[in-house]
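The values are calculated or read from the model by the stated rules, or taken from the named source; none is laboratory data. Please read these numbers as outputs of a predicted model, since none were measured by experiment. Using ideal geometry, Cβ is built from the backbone for each residue, glycine included, and neighbour counts are taken over all protein chains shown. For the accessible areas, the whole protein counts, side chains as well, though only heavy atoms, and no ligand, DNA or RNA atoms are used. Shrake-Rupley method; radii C 1.70, N 1.55, O 1.52, S 1.80 Å.
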Amino acid sequence: MSDKGPKEYEGFTERGSGDVQHGEVHDNADDLQRHLGNRQIQLIAIGGSIGTALFVSIGGALNKGGPAGLFLAYTLYSCLMGLVNNCMAEMAVHMPVTGGFIRMAGRWVDEALGFASGWNFFFYEALLIPFEISALNLVLSFWRDDIPVAAVCAACIVTYAGINILAVKAYGEAEFWLSGGKVFLILILYSFTFITMVGGNPQHDAYGFRYWNKPGAFNEYLSTGALGRFEGFLGALWAATFCIVGPEYISMVSGEAKRPRVYIKTAFKTVYWRFGFFFILGALCAGIVIPYNDPTLDGIINGDHGGGGTAAASPYVIAMKNLAIPVLPHITNALLVTSIYSAGNTYTYAASRSLYSLAIDGRAPKILRKCTKNGVPIYCFLITMIFPFLSFLQVSSDSAKVLTWLTNLITAGGAINFITMCITYLAFYNACKAQGVDRKTLPYCGWFQPYSAWIGLVGLTCIVFCYGYSTFLPGAFTVESFFTYYTMVGVAPLLFVVWKLIHRTKIVRSKELDLVWDGPLIDAYEASFVTPPIGFWTELLQLIGLKRNVPVDERVA
């Protein structure tokens, strides 16, 4: 690509609409298969990564920061994620390869960064699986305390294995329905918030934004006065860092998506709406329904009451009980079970694919490249399935302590993934500029670049290093808390340095960066379709028997 000008590149990106060569067309340069359809990708983009954090853990963030602190924290971090999504969308739509941002980091920045980011993402995703299983056990205890913890852990492991050992289409179908349940739950909670705040509750109390005035918009946390209110905002911001994710999961499915330059592009565009509708509006609603010093919430957060981590800790369930609304808490908890289960299923998929992408480029043992005839990386899957067994720690340990430990360990790893995306985009942007490629000819052109990437990079770096600041407060330092906050911050750079020293890797120069990569293969694959892309709503209508005459992604025989 280094010797091609804008006109020639424009022809490359638009090629494939007319001439179709007869011959064998492969989905990918590897053994994964493109079976994820439009409706599956869109639901994975909308709800694939939403779990317990948005519905339950958000109560802890409200308790720390108050309603205004919570709202500002979630808004700020959603904006940062929007900037990262802007970067990732341009790269992933241009080059929708297996492994997404992991392989891009290795190809476009430095092999050592691909190694570090890949293993960081694998451990991040793999550790999230037992986290969600632990959360699932806690949510089930909302109904009764005698449900066998080991039985729930075993059931999750078996069903996750069953779904993910099948073809990727089975995973996509499962996530379509499970993510639909999350959207339904969110709509219920938003409707509950609006109806009750205007007086539609058994007490006929139109409380509106009362709790923003009494006890107040901001809470003091760790300190008093203005510093305490700022620390409350930071506490809510750390919670937002764990809760708000998205671009990485679309990036990971892009290598198994049908018509990726169309469907993946649409999925990335919906992420902006998701940040606003789910996370920002969710933070606003949580701060409306109860005050930050609600006695029940305070008791659960401080350990005086049971229910920490269960639906009983959800601001919405607390509000339902305060307003004496029956049945609805049980419906909420039931949908929470499906939401949390779905998140664990997504993490199982993402962890196995990240390990496979490492193997493709020689950064993990070659044997891990082995796939079944259905396109499932079997050995990567088996290794991933070891991690859910960590959930059995709950059997002999306090569940809430296990959740706290995993949360702190995982959060920094997630932010490091986004930092990697920003760094990779800056390399990609500079390469386009150095090689004379007009970014407007790409299938998707991000806005406000490269400033979007720089702002995201600086903001996320500050968050990573300040995340565990409370550990360094007078009298607060413990070795355990330090390592749970900063283990991943140290591991990722260590992985980078070790690989770089052993393999003597070099940073890829802008003029030498391979912008073509798998482009011709992807072009040929997309040119093999003989029917136009199908719309999301059309595909939904086909599920109920309507518009069956519209062909779906038919290809040249």
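So, with a 1.4 angstrom probe, what is the percent of accessible area on the chain that is carbon and sulfur?
In the chain, the share of accessible area belonging to carbon and sulfur is 65 percent.
When the chain is fully extended, how far beyond the present Cα-Cα distance does His330 get from Val198, taking 0.36 nm per residue of separation?
45.2 nm
In nm, give the distance between the simple-model label positions of Val497 and Ala206, each being 7 Å from the Cα along the Cα-to-Cβ direction.
Modelled inter-label distance: 6.3 nm.
So what's the net charge close to Arg39: Lys and Arg +1, Asp and Glu -1, counting the other residues with Cβ under 10 Å from its Cβ?
Here the charged neighbours net out to -2.
How many nm separate the modelled label positions at Ile386 and Trp447, each set 7 Å beyond the Cα in the direction of the Cβ?
That separation, rounded to one decimal, is 4.6 nm.
Mind giving me the FRET efficiency for Lys269 and Trp454? R0 is 35 Å, r the Cβ-Cβ distance, nearest 0.05 is fine.
Computed FRET efficiency for Lys269 and Trp454 comes out at 0.95.
Taking the Cα centre of the chain as origin and charging only Cβ (+1 Lys, Arg; -1 Asp, Glu), how large is the dipole, in debye to the nearest 20?
Here the size comes out at about 520 debye.
Would you please give the residues with an amide H less than 5 Å from that of Arg555, counting only those at least 5 places away or on a separate chain, with H modeled from the backbone geometry?
HN-HN under 5 Å from Arg555: Val530.
Taking 0.36 nm per residue of sequence separation and subtracting the Cα-Cα distance, how much length would be gained by fully extending the chain between Val158 and Glu480, in nm to one decimal?
Extra length from Val158 to Glu480 when fully extended: 112.7 nm.
Whose amide H sits under 5 Å from the amide H of Cys371, counting only residues 5 or more places off or on another chain, with H placed in the peptide plane?
So Cys371 has HN proximity to Ile378.
Can you tell me the accessible area per residue over the chain, all protein chains present, probe 1.4 angstrom, in square angstrom?
Spelled out: the 1.4 Å probe surface of the chain, per residue, equals 40 Å².
Helix 451-466 versus the longest principal axis of the chain: what is the Cα-based angle in degrees, 0 to 90, to the nearest 10?
Tilt of helix 451-466: around 50 degrees.
When the solvent-accessible surface of protein heavy atoms is calculated with a 1.4 angstrom probe, in what order do Arg369, Arg439, Arg509 fall, highest first?
Arg509, Arg369, Arg439
Lysines near Lys321 by alpha-carbon distance under 24 Å, same-chain residues fewer than 8 away left out - which ones?
Qualifying lysines at Cα under 24 Å: Lys64, Lys182, Lys214.
Return the distance in nm (one decimal) between the two label points of a simple spin-label model at Arg555 and Trp177, each offset 7 Å from Cα along Cα→Cβ.
2.6 nm
Take the alpha-carbon centre of the stretch 230-298, take the same for the stretch 75-109, and report the distance between them in whole Å.
16 Å
Return a whole-number percent for the relative contact order of the chain, with Cα pairs under 8 Å and 6 or more residues apart as the contact set.
Relative contact order comes out at 33 percent.
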